[in-house]
Amino acid sequence: MNRTADASWNPLRRAKAAMFRRPGLALRLWDAALDRLPRLLALLIAVQVTAIFKDYWWQETYAIVYAGIWAAAVTELLIGRLSVLRFVLQALIVVWATVAYTPFAWYGWPDTWNRWDEIASFFQVHGSQLFPYVPIALAVILSARLVAFWATGRRHVLAVIMLVVVVLATLDSFFPLLLWPNIAWTVAIGLIWLVLLHFRQLRDRHYESWRALAERPLELMLQAAVVIGLVLLFGTAMPRAPALLEDPYTLFLLAQGREVPSFNGEAGILQNPLFLPAASSRSGYGRNDAEIGGTFEYDYSPVMQITTSHRSYWRGESKAVYTGKGWLDVPEPDLLRVGVPGEAGDINLPVPQSREKANVEIVEQTVTILRDEPIPVLFGAGPVVSLQVLESSSQRGPLWNPEEWELVFFRPTRVSTYSVVSETLVLDEEALRQSKALPAGGDPGDLAVYLQLPEDLPARVRELAQQVTAEATNDYDRAKRLEAYLKENYPYTNTPDLSRQRSRDVVDAFLFEIREGFCDYYSTAFVVMARSIGLPARWVKGYATGFDPAVEELFQLTQGEYTPDPVGAGTYTVRNADAHSWAEVYFEGFGWVPFEPTSGFTMPLRVLTETETEEILPVTGEEPGSSETPGGGPVVDRGIAATAVSVAAAAALLVLAVWLAWRHRERLAAWWHRLRYRGTTPNERIVLEMHRFIRFMRRKGLRRERHETMRETFGRWGAAVGDLRGELDRVLLQFEAALYGPVAGSEENYREFAERIRNIRKAVK
């Protein structure tokens, strides 16, 4: 046997083999995590910063940026090296998201690749449709990559986290933005980043120590996970609160007695009072309705001027999917590209719904936009059937959604004026009472999306809708009873008391807890209640009629006795304060019929017959906070009762858990001991116990100084507690034997050492 060639015998070769041995799976995973996770954490911080623009970007932009960030996160985790490949994949995914989330039009490949003008035209036509979505998304991704590349030290990471927290906290305090959960996530991400940075420094400087720790991941991460989890729990669970301070610019303008413009905007436009987020603090039209409710202040800034042959509401968009918090568009709508009216004449727009039983009137409107800001939609009285004139900064026309009756732009477009022809409904109530909301077979077909409700919709909402409509004999009267009930039992206010809200569902909270609100609350409640009893309904938003100077003058001259003509022609100035929402219910042969459930509002619709309508719902005379239903029976506040039961049950479970833990404390201590010291030798456990004992003595006022040896420290402690000198000496000898001795200790030695430590602790206490 050649011992010099045998690596198992030769100590030198054995050490060399160990040095170049491939690390285990756990160590390789830890190395990959330490190298790649900082890039992922930088992207997660970018997600929190991007939340600032949620109500200022278009929904498409926000979705594409988010898709790009998460795609970048996945590629950063899966591809460790080849940064160029990662970025190329991220860019391709962003382009794909742009094509998927926007009405991207493919015009085909060029006829030949030999002519530069055709190649340039091909890239110009298709590339323009990717702007500005792809540049914004790639800019966010590159910014996160640069932050991850730069922040390699503790000071750099702390600087990034502090900067982001200061920005988010400032915006949360001074502007109508709710960013406290984002601040909590940012702090938690920063803590994780610092922990990873500490581990990476330990790996680079003391590899053997790091290797020993990495083999016990539970012990390594448990404490950090608990601390970070508590930060997230308390940070994200903080209740909403209004801003306590006003922004400095507003204070400056108010001090000078000047008009205060809006700081909110849509599509990234600053000071745009034309299109505001739904939950903004100022009235106005907004496209983002994912979260409705809140409160607002009236803004009487003019938006547009409409010359019309009929007085009407000005319809903008409709939403179909109710989430419990707000409204979303119909997934994947069928959009028709509309050209710009020219010499060829008007552009006729198809309306697919059957309206053969409906009596309609033709309404012509000419709209002049009074502000030089891009607009998202064109407004009209009811469904627009023809686009006559469009003067805008773009050579591209809007997109027509025939199912939703929407004229929307591919991207915000500056429009100076436009003319449309609309069809308004003349109500034939007797005919509507003979009609059904659903086809005879009961199959909703394409109307199924307008019956959608969240699975967790509280049952009391359905019960209330059934109670209100119990005596109605047809679908139209059911809808009218819901309309009357909301009008007569809930007062209108732009500042509802949100402190009453307990339910997560906005309709449930409005009907049973807040019991007051503005149009978004009424219209959403109507649609949800209608759907709960089988009526296809959708949520509509736009503007109320607006302000007519001639009508206003007559109203003042007659001291309020003048009643405007519901179909009167005129020129109306529409303001931000006129932004409004209502509802539509589908009836066979009539199409979508509008309803106005908001208290204090009357929709200017002409009724075919002048017959008196029967009293739909008697007024009880009780205030909205009354404890009685329209039926007269007492209402039990199930929300409060359920909360009380939940709190009592949680308290009982907590007491039971504490009692069981105290009764079995010895077993739990033994289990924790086994878990804590799993995989360690008796000597290693003695060393760890000694470090715990030193920390215990420091809490009791007996510190170990940096310049002292262990013997000097124990000598000083023995002099301070003379009766324990002997035990301290024995503990010190066992510790030195475990730390420096050549003989491996036994479990008996460790148990003896631990027993002495416990006795000293009891004596010191």
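The values are calculated or read from the model by the stated rules, or taken from the named source; none is laboratory data. Remember, it's a predicted structure, so these values are computed and weren't measured experimentally. Glycine also receives a Cβ, built like all others from the backbone with ideal geometry; neighbour counts cover every protein chain displayed.
When the test is whether a residue is more than 25 Å from Thr186 (Cβ to Cβ), of a type outside the set (S, T, N, Q) and in contact (Cβ under 8 Å) with a residue 40 or more places away in the chain, Pro110 does not pass it. Applying the criterion of at least 1 residues that are at pLDDT 75 or above and in contact with a Leu (Cβ under 9 Å, 6 or more places away or on another chain) to the helices (runs of 4 or more DSSP H) found wholly in segment 1-97 leaves 25-50, 59-78. Here segment 321-344 is the region considered, the condition is being modelled with pLDDT under 80 and acidic (Asp, Glu), and the residue that is surrounded by the fewest Cβ atoms within 10 Å (Cβ to Cβ) is Glu343. Pairs meeting the criteria (first residue in segment 573-590 and part of a strand (DSSP E or B), second residue crowded, with 22+ Cβ neighbours inside 10 Å and among the basic types (Lys, Arg), beta carbons under 6 Å, at least 6 apart or on different chains) are Ser581/Lys541; Glu584/Arg538. Condition check: small (Gly, Ala, Ser), in a helix (DSSP H, G or I) and out of contact with any strand residue (DSSP E or B) (no Cβ under 9 Å at 6 or more places or on another chain). Does Ala484 satisfy that? So Ala484 passes the test. If we keep just the residues of segment 98-120 that are among the polar types (S, T, N, Q) and modelled with pLDDT under 80, which is nearest to Pro333 (Cα to Cα)? Out of the qualifying residues, it is Thr102.
Working only within segment 166-211, note down all residues that are hydroxyl-bearing (Ser, Thr, Tyr) and either touching a residue at least 24 places away in the same chain (Cβ under 8 Å) or in contact with a helix residue (DSSP H, G or I) (Cβ under 7 Å, 6 or more places away or on another chain) (or both). Answer for segment 166-211, where residues must be hydroxyl-bearing (Ser, Thr, Tyr) and either touching a residue at least 24 places away in the same chain (Cβ under 8 Å) or in contact with a helix residue (DSSP H, G or I) (Cβ under 7 Å, 6 or more places away or on another chain) (or both): Ser173, Thr186, Ser209. Just one of the listed residues (Glu76, Glu60) is within 21 Å of the chain's Cα centre (by Cα) and buried (at least 16 other Cβ atoms within 10 Å of the Cβ), namely Glu60. Return the residues of segment 739-765 that are under 56 Å from the mean Cα position of the chain (by Cα), under 18 Å from Leu688 (Cβ atoms) and of a type outside the set (D, E, K, R); say none if nothing qualifies. Those that are under 56 Å from the mean Cα position of the chain (by Cα), under 18 Å from Leu688 (Cβ atoms) and of a type outside the set (D, E, K, R): Leu739, Tyr750, Phe753, Ala754, Ile757, Ile760. Note on segment 497-517: among residues that are more than 22 Å from the chain's Cα centre (by Cα) and part of a loop (DSSP other than H, G, I, E, B), the one that is surrounded by the fewest Cβ atoms within 10 Å (Cβ to Cβ) is Asp497. Return the pair list, or none, for Cβ contacts closer than 9 Å from residues in segment 228-241 that are over 19 Å from Arg500 (Cβ atoms) to residues that are modelled with pLDDT of 65 or more and of a type in the set (Phe, Trp, Tyr), at least 6 apart or on different chains. From residues that are over 19 Å from Arg500 (Cβ atoms), the pairs are Leu232/Trp185; Gly235/Trp180; Gly235/Trp185; Thr236/Trp180; Thr236/Trp185. Whenever a residue of segment 754-765 is closer than 16 Å to Gly722 by Cβ, its partners that are basic (Lys, Arg), lying with C-beta atoms within less than 7 angstrom and at least six residues away or across chains, give the pairs Val764/Lys700. The set of residues from segment 106-122 being within 42 Å of the chain's Cα centre (by Cα) and loosely packed, with under 11 Cβ neighbours inside 10 Å comprises Trp106, Tyr107, Gly108, Trp109. For residues in segment 701-744 being in contact (Cβ under 8 Å) with a residue 24 or more places away in the chain and acidic (Asp, Glu), which is surrounded by the fewest Cβ atoms within 10 Å (Cβ to Cβ)? Taking the candidates together, the pick is Asp723. In a residue-by-residue description of segment 382-396, the property of being under 31 Å from the mean Cα position of the chain (by Cα) and without any contact (Cβ under 8 Å) to a residue 60 or more places away in the chain applies to no position. Summed over segment 450-469, residues that are surrounded by 14 or more Cβ atoms within 10 Å (Cβ to Cβ) and either at pLDDT below 90 or not polar (S, T, N, Q) (or both) total 12.
Considering Leu425, Leu447, Leu432, which residue is over 31 Å from the mean Cα position of the chain (by Cα), modelled with pLDDT under 90 and part of a helix (DSSP H, G or I)?
Details: Leu425 fails: part of a helix (DSSP H, G or I); Leu447 fails: over 31 Å from the mean Cα position of the chain (by Cα).
Of Leu425, Leu447, Leu432, the one residue that is over 31 Å from the mean Cα position of the chain (by Cα), modelled with pLDDT under 90 and part of a helix (DSSP H, G or I) is Leu432.
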